[in-house]
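Data first, discussion second: the structure below is written as structure tokens.
The values are calculated or read from the model by the stated rules, or taken from the named source; none is laboratory data. Remember, predicted model here, so these are calculated numbers, not experimental data. No Cβ is skipped: glycine too gets one built from the backbone with ideal geometry, and neighbour counts run over all protein chains shown.
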Amino acid sequence: VKALVVGATGIQGRRATAELTRSEAVDKLVLAGRDGDRLSEMADLLRGRVEIGTILLDASDAAQVAEASAQVDVIVSCAGPAHLTEPACIKGALAAGTPCVTLGDDHSTTQSIAALNESAVDSKTTVVSGCGLTPGLTNLLAVYAARELEEIIEIQIAVACSLRDHLGSAMVRNLLRAFSDDARYVSEWRDLSSRAGGLPELAYFPEPVGWVETFNCSHPEVVTLRRRFPDIRSLRYRTGLTERAGMDAIRGLAALRLAPSDAARRVWARVLRAIEPAISSLPPRSPQWTGARVDVRGRVDGRATTITLGIADHLSNLVSATVVHAALELGSRRVERPGINAPEDALDSAALLSFFYGRGMRVGRLTPELFEGSRA
Amino acid sequence: MIGRVSRLAAIGLGVALGAWWGRLLAHSKVPPPEGRWRELKL
């Protein structure tokens with residue numbers, strides 16, 4: 001497989017590139033980014049069995065992406081924030097007719113790129129948008145859990161990240177954007193929206209993440225899982241930072257409308273990174289890990305049943321394993337589904353989980369148990 | 001007048017910071033685990 005990694009010098013791009021070089025299916029990698037020095041450094045570090053090339057590229061320019069991707073089997077877009085890079089990467093992929101996987105994690109972008117579906121079908125190009133942790137792994141966990149149920153009533157997805165767990169600038173900017181916008185959700189079969197944030201709700205993630213305060217916000221899962229389960233009664237997405245003070249800062253900036261543009265969000269992302277040691281020193285003590293949890297409620301034999309799946313690991317491991325699995329599936333043509341696809345439409349959830357297990361990452365299933373402390 | 005306004009602003013800021021600090025401390029205690037995470041067998 002020959003792959004073009006767009007945004008290769010970013011946090012997730014570097015990790016995905018390293019993961020791709022470990023795969024025996026990969027023959028050649030072309031690293032694309034805006035910083036030539038960093039690209040050369042990375043190429044020198046990674047050169048070995050896999051042939052490494054570099055190219056200067058602006059991920060928000062579709063023509064540049066099309067030109068760079070003509071000689072590869074798959075485009076892996078790790079560039080962000082999604083609303084600036086995703087449409088251009090996909091348009092570039094369609095122009096070149098090259099399959100593409102992206103980390104797109106912006107709700108409105110996921111809605112807008114659906115308009116490119118017809119061109120993707122016409123050009124027989126398979127695009128899978130949102131192949132990171134969230135969306136990506138979360139969608140496939142939801143679908144995996146849903147396999148056990150005859151009727152799906154409710155899905156709730158919760159994700160907890162840490163500012164100290166390789167949370168890149170693009171992801172912080174995306175978080176600021178999500179909390180500056182309305183939160184879309186499904187309640188009583190209706191698509192609704194309300195101001196993002198709202199009241200905190202504690203969610204219990206696999207250890208070492210544990211309990212984390214989460215808040216309502218919009219995310220692509222609400223768009224794509226709604227399409228997958230059109231009769232669903234309730235569908236919500238919640239997220240939070242393990243650093244509670246950091247989450248308060250993001251919610252405060254969004255509520256005061258201090259992050260209306262990407263330029264402002266870029267500045268705040270830098271400020272948050274600069275004061276991150278101070279934020280981390282505030283109570284409560286926060287783990288430097290990332291967790292995701294999916295609750296799927298439905299019926300089996302007429303009985304109400306809830307299946308809760310969760311995972312905890314470092315963010316870069318969770319993101320890179322998902323995007324690399326998707327890239328190898330598309331690059332080797334095991335998955336061919338022309339159009340703009342959500343991960344759950346194009347990828348097999350069991351195959352992704354097997355890929356995770358092969359890397360020593362395990363998914364947990366929550367079993368309710370009565371603990372001493374809960375009796376008080 | 002300016003002294004009074006700045007004193008009130010300082011008190012308001014102090015109260016807000018105190019309330020926020022109180023929230024961080026009060027929420028430091030978390031509930032017992034909701035259950036046990038068992039490895040999902042594929």
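A:Asp181 versus (1) away from chain B (no Cβ under 14 Å); (2) surrounded by fewer than 22 Cβ atoms within 10 Å (Cβ to Cβ); (3) closer than 19 Å to A:Ile155 by Cβ: which is the lone unmet condition?
(3)
Mind counting the residues in the stretch A:313-349 that are among the small types (Gly, Ala, Ser) and over 21 Å from A:Gly104 (Cα atoms)? Lay out the reasoning, then the answer.
As a first pass, look at the stretch A:313-349 and keep what is among the small types (Gly, Ala, Ser): A:316, A:320-321, A:326-327, A:331-332, A:339, A:342, A:346, A:349.
This time we only want the ones that are over 21 Å from A:Gly104 (Cα atoms), so: A:332.
Residues that pass the stated criteria total 1.
Can you work out which of the residues in the stretch A:356-369 that are of a type outside the set (D, E, K, R), over 17 Å from the mean Cα position of the chain (by Cα) and within 7 Å of another protein chain (Cβ to nearest Cβ) is nearest to A:Gly310 (Cα to Cα)?
Only one residue tops the list, namely A:Gly364.
Which one is nearest to A:His325 (Cα to Cα) among residues in the stretch A:80-101 that are outside any helix (DSSP H, G or I) and at pLDDT 95 or above? Before you say what the answer is, go through the steps one by one.
We begin by selecting, within the stretch A:80-101, every residue outside any helix (DSSP H, G or I); these are A:80-81, A:97-101.
Filter once more, so that each one left must be at pLDDT 95 or above: A:97-101.
Working: A:Gly97: 20, A:Thr98: 17, A:Pro99: 14, A:Cys100: 12, A:Val101: 10 Å.
Here the answer is A:Val101.
Of (1) over 26 Å from A:Ala178 (Cα atoms); (2) away from every other protein chain (no Cβ under 11 Å), A:Arg257 satisfies all except one. Which?
Only one criterion in (1) over 26 Å from A:Ala178 (Cα atoms); (2) away from every other protein chain (no Cβ under 11 Å) is unmet by A:Arg257, namely (1).
Of the residues A:Leu309, A:Leu318, A:Leu366, which is surrounded by 15 or more Cβ atoms within 10 Å (Cβ to Cβ), in a helix (DSSP H, G or I) and among the hydrophobic types (A, V, I, L, M, F, W, C)?
The unique qualifying residue is A:Leu318.
How many of the residues in the stretch A:343-355 are touching a residue at least 40 places away in the same chain (Cβ under 8 Å), within 12 Å of another protein chain (Cβ to nearest Cβ) and either over 24 Å from A:Arg227 (Cβ atoms) or touching a Ser or Thr at 6+ places or on another chain (Cβ under 8 Å) (or both)? Outline the logic, then answer.
The first filter runs over the stretch A:343-355 and keeps only residues touching a residue at least 40 places away in the same chain (Cβ under 8 Å), leaving A:343-347, A:349-350, A:352-353.
Next, from what is left, pick out any that are within 12 Å of another protein chain (Cβ to nearest Cβ): A:349-350, A:352-353.
Retained after the next criterion (residues that are either over 24 Å from A:Arg227 (Cβ atoms) or touching a Ser or Thr at 6+ places or on another chain (Cβ under 8 Å) (or both)): A:352.
Matching residues across the stretch A:343-355 total 1.
Name every residue in the stretch A:144-166 that is part of a helix (DSSP H, G or I) and under 17 Å from A:Gly364 (Cβ atoms), in order of residue number.
A:Tyr144, A:Ala145, listed by residue number.
If a residue must be surrounded by 24 or more Cβ atoms within 10 Å (Cβ to Cβ), in contact with a strand residue (DSSP E or B) (Cβ under 6 Å, 6 or more places away or on another chain) and more than 15 Å from A:Arg22 (Cβ to Cβ), how many such residues does the stretch A:323-337 contain?
Number of matching residues: 2.
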